[in-house]
Amino acid sequence: MEHTENYQLPRWVESDRILMEDFNQAMAAIDTGIKAAQDTADGGAAAAETAQITADRAEGKADAANTTLAALTAGLGTGGSNCRIQWGSYQGSGTYGSGNPTVIACAFKPVAVFLQYETTTNLSLGQYFHILLRDITLAPSGDMQGTGLHITWSDNSVAFYSESNSALQFNSGNYTYRYVAFGCDEA
C-alpha cells in the first residue's frame with residue numbers, strides 16, 4: 001500500500017487488501033488535521049477581533065482628542081491675537097539668586113509656564129512642578145508663598161529666582177527641567 005505525501009493517508013492500489021483499521025487511522029488523521037486548522041482559524045479570528053477592538057478604542061480616543069483640540073482652538077485669534085505654545089528643556093546649573101535668574105525666552109508674550117522635573121532619591125521617584133501665571137499675584141512682592149520664588153515677566157520671557165536655594169529656583173545642577181509656555185502674539 002502507498003501513502004499520501006503530507007498526512008501519510010493510505011492510498012490503495014488494486015492488489016492491496018482493504019482493512020477497516022486503515023480507514024480508521026486515515027479518518028483519525030483527517031479529523032486531527034481539520035481540528036488543528038479550525039483551532040488556528042479560531043485563534044486568528046479572536047486575535048483579529050481583539051486588534052479591531054483596540055483600533056476602535058484608539059480611534060475613539062483620537063476623535064475625543066480632536067474634539068477637545070477643536071474646542072480649545074475655536075476662539076483662537078478672535079481677541080486680536082493668536083495663541084502660541086513653546087516647549088523645551090534646560091539643564092540646571094546649580095546657581096540661584098537675583099544675580100542668577102532662570103530665564104525662559106519665548107518668541108511671543110508668555111502668559112503661563114509649566115515647569116517639571118523628576119528626581120530619584122533613596123529609591124523613590126519624585127516629580128516636581130511649578131506653574132507660573134502672568135498677572136497673578138501669588139504672594140506680596142511677586143514672592144510665591146512658601147517658596148521664595150520671585151517672578152518677572154517681560155514681553156518675550158519669564159525670569160524667576162529664589163534667594164533660598166537652586167532647587168526652589170528649578171535650577172539644581174545635573175537635573176534636566178522641562179517646560180511648556182503658553183502665550184500670544186501681541187495684537
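The values are calculated or read from the model by the stated rules, or taken from the named source; none is laboratory data. Predicted, not measured: the structure shown is a model, and the values here were computed from it. We place every Cβ from the backbone using ideal geometry, glycine too, and count neighbours over all the protein chains shown.
From the set of residues in the range 98-134 that are surrounded by 13 or more Cβ atoms within 10 Å (Cβ to Cβ) and in a loop (DSSP other than H, G, I, E, B), which is modelled with the lowest pLDDT? Taking the candidates together, the pick is Arg134.
Got a sec? Which of Gly142, Gly146 is farther than 17 Å from Tyr90 by Cα, modelled with pLDDT under 80 and exposed (fewer than 13 other Cβ atoms within 10 Å of the Cβ)? So that I can check it myself, show each step before the final result.
Values: Gly142 fails: exposed (fewer than 13 other Cβ atoms within 10 Å of the Cβ).
So the residue among Gly142, Gly146 that is farther than 17 Å from Tyr90 by Cα, modelled with pLDDT under 80 and exposed (fewer than 13 other Cβ atoms within 10 Å of the Cβ) is Gly146.
For the range 61-73, state whether one or more residues are modelled with pLDDT of 70 or more, outside any helix (DSSP H, G or I) and either touching a Phe, Trp or Tyr at 6+ places or on another chain (Cβ under 8 Å) or surrounded by 10 or more Cβ atoms within 10 Å (Cβ to Cβ) (or both). Checked the range 61-73: no residue is modelled with pLDDT of 70 or more, outside any helix (DSSP H, G or I) and either touching a Phe, Trp or Tyr at 6+ places or on another chain (Cβ under 8 Å) or surrounded by 10 or more Cβ atoms within 10 Å (Cβ to Cβ) (or both).
In this structure, is Gln91 under 24 Å from Leu115 (Cβ atoms), under 32 Å from the mean Cα position of the chain (by Cα) and modelled with pLDDT of 80 or more? Even if it seems obvious, please write down each step before you answer.
Working: under 24 Å from Leu115 (Cβ atoms): yes; under 32 Å from the mean Cα position of the chain (by Cα): yes; modelled with pLDDT of 80 or more: yes.
So Gln91 passes the test.
With the condition kept exactly as written, say whether any residue in the range 162-178 is hydroxyl-bearing (Ser, Thr, Tyr), surrounded by fewer than 18 Cβ atoms within 10 Å (Cβ to Cβ) and at pLDDT below 70. Please lay out each step first, then the result.
Residues of the range 162-178 that are hydroxyl-bearing (Ser, Thr, Tyr), as a first pass: 162, 164, 166, 172, 175-177.
Next, only the ones that are surrounded by fewer than 18 Cβ atoms within 10 Å (Cβ to Cβ) stay: 164, 176.
Next cut, at pLDDT below 70 only: none.
No: zero hits.
Pairs are defined by a Cβ separation below 6 Å, a sequence spacing of at least 6 or placement on different chains, a first member in the range 161-187 that is farther than 19 Å from Gly88 by Cβ, and a second member that is among the small types (Gly, Ala, Ser) and not in a loop (DSSP other than H, G, I, E, B); the pairs so defined are Leu168/Ser162.
Within the range 109-118, can you find the residues that are touching a residue at least 24 places away in the same chain (Cβ under 8 Å) and either under 11 Å from Ala159 (Cα atoms) or within 27 Å of the chain's Cα centre (by Cα) (or both)?
The initial filter retains those residues of the range 109-118 that are touching a residue at least 24 places away in the same chain (Cβ under 8 Å), namely 109-117.
The answer is Pro110, Val111, Ala112, Val113, Phe114, Leu115, Gln116, Tyr117.
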